1. From Ser7, Ser52, Ser23, Ser45, grab the single residue that is hydroxyl-bearing (Ser, Thr, Tyr) and assigned to a helix (DSSP H, G or I).
2. Which of the residues spanning segment 26-39 are of a type in the set (Ser, Thr, Tyr) and in a helix (DSSP H, G or I)?
3. Filter segment 69-87 down to the residues that are out of contact with any Ser or Thr (no Cβ under 9 Å at 6 or more places or on another chain) and farther than 15 Å from Lys6 by Cα, then identify the one that is modelled with the highest pLDDT.
4. Residue pairs, Cβ under 6 Å, 6 or more apart or interchain, first in segment 41-63 and surrounded by 14 or more Cβ atoms within 10 Å (Cβ to Cβ), second in a strand (DSSP E or B) and not hydrophobic (A, V, I, L, M, F, W, C). List them.
Amino acid sequence: MRIWFKSWKDNHMLHDFMVEDESDETRTHKIFNAVDKACYEFDTSKPVWLDSTIREFKRHGKARFGSDNFVDDIPFDYLEIHVIEED
């Protein structure tokens with residue numbers, strides 16, 4: 001599984017990060033582990049999965065975590081997650 005993370009500010013991509021996971025974990029565990037790695041890379045707190053974020057992710061394989069998804073202030077407008085390849 002390959003998951004691409006991008007942080008955006010004022011319609012410009014600030015930083016991107018790719019996570020590849022070839023483990024035997026479930027899809028959900030792979031995604032949560034990838035989010036943990038990306039948040040460490042971006043030096044930000046972990047986002048909260050709101051119902052709207054979950055629906056968007058299930059429907060399109062990608063989602064945006066905005067300021068509502070984070071407890072702390074974030075240095076970007078939103079963090080985008082996009083599954084680009086699945087096992």
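1. Going through Ser7, Ser52, Ser23, Ser45 in turn, the sole match is Ser52.
2. Thr28
3. It comes out as Glu85.
4. If the second residue must be in a strand (DSSP E or B) and not hydrophobic (A, V, I, L, M, F, W, C), the pairs left are Phe42/Ser7; Lys62/His82.
A quick yes/no check of all residues on (1) among the acidic types (Asp, Glu); (2) buried (at least 16 other Cβ atoms within 10 Å of the Cβ); (3) in contact (Cβ under 8 Å) with a residue 60 or more places away in the chain:
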| residue | (1), (2), (3) |
| --- | --- |
| Met13 | no, no, no |
| Ser23 | no, no, no |
| Val35 | no, yes, no |
| Asp72 | yes, no, no |
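The values are calculated or read from the model by the stated rules, or taken from the named source; none is laboratory data. These numbers were taken from a predicted model, which means no experiment stands behind them. Here Cβ is always computed from backbone atoms with ideal geometry, including for glycine, and neighbour counts include all displayed protein chains.
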